[in-house]
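This report concerns only the one structure given below.
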Amino acid sequence: MKDISSIKSILFVQDSSPCIRTIKYATALQSRGYLIHLLHRNKTPDEAYGYGNSSFASITRLPGHHFGEIKKIREIIKQQEIEIIHYHNQPDRLGARLIQGRPGVPVIYDQHDFMSFKHHISGRAKKNERICNERADGAVYITRSYKNEVARYYSLVENAICFANYFPASSALEPKDCLSKLSASDGRRHVVYLGRISERTFDHRNIIKALTGLSAEGFFIHLYPSKNKEYSRYRQIPNCTVHKKLPYQQLIREISQYDFGVTVFNGAVASKLPHIVYALGNKTFDYLCAGIPVLVQDCLVEVKNIVIKNGFGFILERYEEYKNISTGSYQGLVETILDNRRAFTMESQIQRIIDFYTFSVENYRAKA
């Protein structure tokens, strides 16, 4: 299916600060000539991540009072000649209002997270969640297995697509831009972890046990948490360094000096959480951007499928497979990543979203 020239203006709505996934979409769509307008709450992309504003044709902050939201959306639809709304969830409240309000263009619901999986939610929040999953003009889910789990709770709309957190092609480092490996100078293997961590015992992001295991196997560990905090329990792990938060592109170059990127959660908790087991977050793609192999926890079904199937790394718990990997075998692994990672760029996948938009608009107009 080819692009339809009449579909040019798309409104992204997010009832929070825009997330990385939202910026990735916009950047890829903009490169194809689409005008992406953003209506958001809280911080702009530049304020939240240090980049991203330039990917949008316009950026508008949601009104402070909820009663003015739908009116503002209708104004933007008219002013910018919007032909489809792409609602990015968490929370679902405004998405449900949009779907019920029938703004005159199709509303796509993009489920970054299924809130019922993450924590207890109120009856009102469940109602909003049901409306978004069952009544949107189209829906986007991160992975097929995640979608299947959600389908156990709601009767999902037929017009749906599964679309992962692919990485921007522009973020992928070329070998000449990578830093020299620390292991080349000290003879020790270095691993890196990106993203949120927790010190609370039953939090799925408490990865102290997994990192302690890596440390005991002789690995040096580098953490780049999403927040600059003390994290004293992590600093107590032998050979573990907690680094400061960095701007995204600088971060990707920084982690290229390490040997492996780690995708892991609290094993005692994560294996029981569908939104962890079946999810496919950003960090794995960030490691591919930096050209470093991935160590993935065995229980993470979707991440493991990509990493092992494509030869991008190893299962974390199987230390013997990578602990003493030869220089030649390691370099072969890196070459496999460099040769095949393009299939996981947002730009290589975005046509699927364009086709989805096209079908959704045509279907909506046919029913009008």
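The values are calculated or read from the model by the stated rules, or taken from the named source; none is laboratory data. Because the structure is a prediction, the values reported are computed rather than measured. Because the Cβ atoms are built from the backbone with ideal geometry, glycine has one as well, and the counts that use them run over all protein chains shown.
Criterion first (farther than 28 Å from Tyr166 by Cα and either modelled with pLDDT of 90 or more or in contact with a strand residue (DSSP E or B) (Cβ under 9 Å, 6 or more places away or on another chain) (or both)) does Tyr258 satisfy it? Can you show your working first?
Working: farther than 28 Å from Tyr166 by Cα: no; either modelled with pLDDT of 90 or more or in contact with a strand residue (DSSP E or B) (Cβ under 9 Å, 6 or more places away or on another chain) (or both): yes.
Taking the combined requirement at face value, the residue does not satisfy it.
Checking the structure you have, find out if any residue of the stretch 110-121 is in contact with a Gly (Cβ under 9 Å, 6 or more places away or on another chain), among the hydrophobic types (A, V, I, L, M, F, W, C) and in contact (Cβ under 8 Å) with a residue 40 or more places away in the chain.
Looking through the stretch 110-121, none of the residues is in contact with a Gly (Cβ under 9 Å, 6 or more places away or on another chain), among the hydrophobic types (A, V, I, L, M, F, W, C) and in contact (Cβ under 8 Å) with a residue 40 or more places away in the chain.
From the list Ala279, Ala270, Ala366, which residue is small (Gly, Ala, Ser) and under 16 Å from the mean Cα position of the chain (by Cα)?
Ala279
Give the number of residues within the stretch 220-279 that are in a loop (DSSP other than H, G, I, E, B), within 21 Å of Phe314 (Cα to Cα) and either not assigned by TED's automatic domain parsing to the domain that holds Ile197 or not acidic (Asp, Glu) (or both).
Count: 9.
Tell me which of these Ile353 doesn't satisfy, since it passes every other one: (1) modelled with pLDDT of 95 or more; (2) closer than 16 Å to Gly195 by Cα; (3) of a type outside the set (Ser, Thr, Tyr).
Of the numbered conditions (1) modelled with pLDDT of 95 or more; (2) closer than 16 Å to Gly195 by Cα; (3) of a type outside the set (Ser, Thr, Tyr), the odd one out for Ile353 is (2).
Conditions first: (1) over 16 Å from His88 (Cα atoms); (2) at pLDDT below 95. Ile207 passes all but one, so which condition is the exception?
Ile207 satisfies all of (1) over 16 Å from His88 (Cα atoms); (2) at pLDDT below 95 except (2).
Please enumerate the residues belonging to the stretch 5-29 that are closer than 23 Å to Pro103 by Cβ and outside any loop (DSSP other than H, G, I, E, B).
Passing the criteria: Ser9, Ile10, Leu11, Phe12, Val13, Gln14, Arg21, Thr22, Tyr25, Ala26, Leu29.
Filter the stretch 278-304 down to the residues that are more than 13 Å from Ile255 (Cβ to Cβ), aromatic (Phe, Trp, Tyr) and buried (at least 24 other Cβ atoms within 10 Å of the Cβ) and list them by number.
None - no residue of the stretch 278-304 is more than 13 Å from Ile255 (Cβ to Cβ), aromatic (Phe, Trp, Tyr) and buried (at least 24 other Cβ atoms within 10 Å of the Cβ), so the list stays empty.
Among the residues of the stretch 151-205, what is the count of those that are under 15 Å from Tyr258 (Cβ atoms), in a loop (DSSP other than H, G, I, E, B) and hydrophobic (A, V, I, L, M, F, W, C)?
3
Yes or no: the stretch 315-337 includes at least one residue that is crowded, with 17+ Cβ neighbours inside 10 Å and closer than 28 Å to Ala136 by Cβ.
Checked against the condition, which is being crowded, with 17+ Cβ neighbours inside 10 Å and closer than 28 Å to Ala136 by Cβ, the stretch 315-337 yields no hits at all.
Just to check your reading of the model, which residue among Thr284, Thr263, Thr241 is free of Cβ contacts under 8 Å to residues at least 40 places away in the same chain and within 18 Å of the chain's Cα centre (by Cα)?
On the way: Thr263 fails: free of Cβ contacts under 8 Å to residues at least 40 places away in the same chain; Thr241 fails: within 18 Å of the chain's Cα centre (by Cα).
Testing whether each residue is free of Cβ contacts under 8 Å to residues at least 40 places away in the same chain and within 18 Å of the chain's Cα centre (by Cα) leaves just Thr284.
Would you confirm whether or not the stretch 79-89 contains a residue that is in a helix (DSSP H, G or I) and over 24 Å from the mean Cα position of the chain (by Cα)?
Checked the stretch 79-89: at least one residue is in a helix (DSSP H, G or I) and over 24 Å from the mean Cα position of the chain (by Cα).
Of the numbered conditions (1) in contact with a helix residue (DSSP H, G or I) (Cβ under 8 Å, 6 or more places away or on another chain); (2) surrounded by fewer than 16 Cβ atoms within 10 Å (Cβ to Cβ), Arg196 satisfies every one except a single condition; which is it?
Answer for Arg196: the failing condition is (1).
Can you tell me which residue is nearest to Ser198 (Cα to Cα) among those in the stretch 216-236 that are aliphatic (A, V, I, L, M) and buried (at least 19 other Cβ atoms within 10 Å of the Cβ)?
Among those that are aliphatic (A, V, I, L, M) and buried (at least 19 other Cβ atoms within 10 Å of the Cβ), it is Leu223.
So which of Ser180, Ser155 ends up being surrounded by fewer than 16 Cβ atoms within 10 Å (Cβ to Cβ) and assigned by TED's automatic domain parsing to the domain that holds Thr327?
On the way: Ser155 fails: assigned by TED's automatic domain parsing to the domain that holds Thr327.
Every option except Ser180 fails the conditions.
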